[in-house]
Amino acid sequence: MVGTAGGGHLVLDGGLATELEANGADLNDPLWSAKCLLVSPRLIRKVHMDYLEAGANIISTTSYQATIQGFESKGFSKEQSENLLTKSVEIAREAREMFLKEHLNQSIPAQKPILVAASIGSYGAYLADGSEYSGDYGEAGTIGFLKDFHRRRLQVLAEAGPDLIAFETIPNKLEAQAYVELLEECNIHIPAWFSFNSKDGVNIVSGDSLIKCATIADKCAKVGAVGINCTPPRFIHGLILSIRKITDKPILIYPNSGETYDGVRKEWVESTGVSDGDFVSYVSEWCKDGATLIGGCCRTTPNTIRAIQRTLNQGSNTLQLPVA
């Protein structure tokens, strides 16, 4: 079991790509944040450190859009591609070690660990065409195809030694089922979380029922938490309540700032974006609804995470996450 303190809550990090760009990285590339694995690994480590300094208990690797197929399309061999995936976990672990060393003389409760989550984005994220926000994969939308696409990537990331596997921004029921089958077939013993995204506050982005998708995750013993990411904050309350109906597993939520991603222009468009203060004003409600792991996604920053941590920095209950 993984125990944590802080009122029974864990704080996730925020937008990794957002901070990489804020620090000067050019991510206009199909690899997105994974491009930094090639050109600026030190910058990745710095951003991880910034989130740890802000109070994050869990940092996610820069592997969301990192795939063997994506690296091979850039001319890398399969071995080199796998090494880059491994590198994403190593950098996050290095950041954790550096942070703990720098804070060696400070009191960091043993029951409040710092965890590394290996991020796995959807097939749509690899396509870099916005389909991670629609779930429409066309002819590629079969369980067999998706399992073949993700299998080796999952194995390599798991072998790199993360504490968690984060299946993020899952846009359709089919991909969720593919992940469940891969966790079993690959005999993964690292706790996983499944996080879906929604654009209407009811279903996930493909139109598939959130309750049906969350049920797939709930029935898999290797999935330790279920939740929502990259979704406007105004939708989170209802989505948590829907998930709560079908699972007793911890619920995680890490919304975006409320802006909308334009897959054609490849940029975030202001719509109902909220400030850090407004974003954090939702946190108490989300906790009352039943969320136990809270952070931010695209367009959120260390300031967002710092404010969330301050809000949650009360109490001493322990949250238990099942180990796969």
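The values are calculated or read from the model by the stated rules, or taken from the named source; none is laboratory data. Quantities reported herein were computed from a predicted structural model and do not represent experimental measurements. When we count neighbours, we look across all protein chains shown, and the Cβ atoms used for this are built from the backbone with ideal geometry, even at glycine. We work out accessible area using only protein heavy atoms, side chains counted, and drop any ligands, DNA or RNA first. Shrake-Rupley method; radii C 1.70, N 1.55, O 1.52, S 1.80 Å.
Structure values in brief
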{"quantity": "Yes/no for Ile211 being within 23 Å of Leu293 (Cα to Cα) and either open to solvent by 20 Å² or more (accessible area, probe 1.4 Å) or among the charged types (D, E, K, R) (or both)", "calculated": "yes"}
{"quantity": "Residue, surrounded by the most Cβ atoms within 10 Å (Cβ to Cβ), within the stretch 281-301, restricted to residues that are of a type in the set (A, V, I, L, M, F, W, C) and over 13 Å from Pro250 (Cα atoms)", "calculated": "Cys297"}
{"quantity": "Residue in the stretch 35-46 that is of a type outside the set (Asp, Glu) and in contact with a Cys (Cβ under 8 Å, 6 or more places away or on another chain) present", "calculated": "yes"}
{"quantity": "Any pair with Cβ under 8 angstrom, 6 or more apart, that starts in the stretch 39-59 at a residue that is in contact (Cβ under 8 Å) with a residue 24 or more places away in the chain and open to solvent by 10 Å² or more (accessible area, probe 1.4 Å) and ends at one that is in a helix (DSSP H, G or I) and of a type in the set (Asp, Glu)", "calculated": "Arg45/Glu94; Asp50/Glu19"}
{"quantity": "Selection from the stretch 1-47 of residues that are at pLDDT 90 or above and among the β-branched types (Val, Ile, Thr)", "calculated": "Val11, Ile44, Val47"}
{"quantity": "Neighbours by Cβ (under 8 Å, 6+ apart or cross-chain): first from the stretch 61-74, in contact (Cβ under 8 Å) with a residue 12 or more places away in the chain and open to solvent by less than 20 Å² (accessible area, probe 1.4 Å); second in a loop (DSSP other than H, G, I, E, B) and small (Gly, Ala, Ser)", "calculated": "Ser63/Gly121; Gln65/Gly121; Gln65/Ala128"}
{"quantity": "Residue within the stretch 148-156 that is surrounded by fewer than 20 Cβ atoms within 10 Å (Cβ to Cβ), in contact with a strand residue (DSSP E or B) (Cβ under 7 Å, 6 or more places away or on another chain) and in a helix (DSSP H, G or I) present", "calculated": "no"}
{"quantity": "Some residue of the stretch 159-179 being open to solvent by 30 Å² or more (accessible area, probe 1.4 Å), of a type in the set (Asp, Glu) and within 24 Å of Leu12 (Cβ to Cβ)", "calculated": "yes"}
{"quantity": "Condition met for Pro162 (assigned to a loop (DSSP other than H, G, I, E, B) and under 16 Å from the mean Cα position of the chain (by Cα))", "calculated": "yes"}
{"quantity": "Answer residue from the stretch 214-237, given it is β-branched (Val, Ile, Thr) and open to solvent by less than 10 Å² (accessible area, probe 1.4 Å) and is modelled with the lowest pLDDT among those", "calculated": "Thr231"}
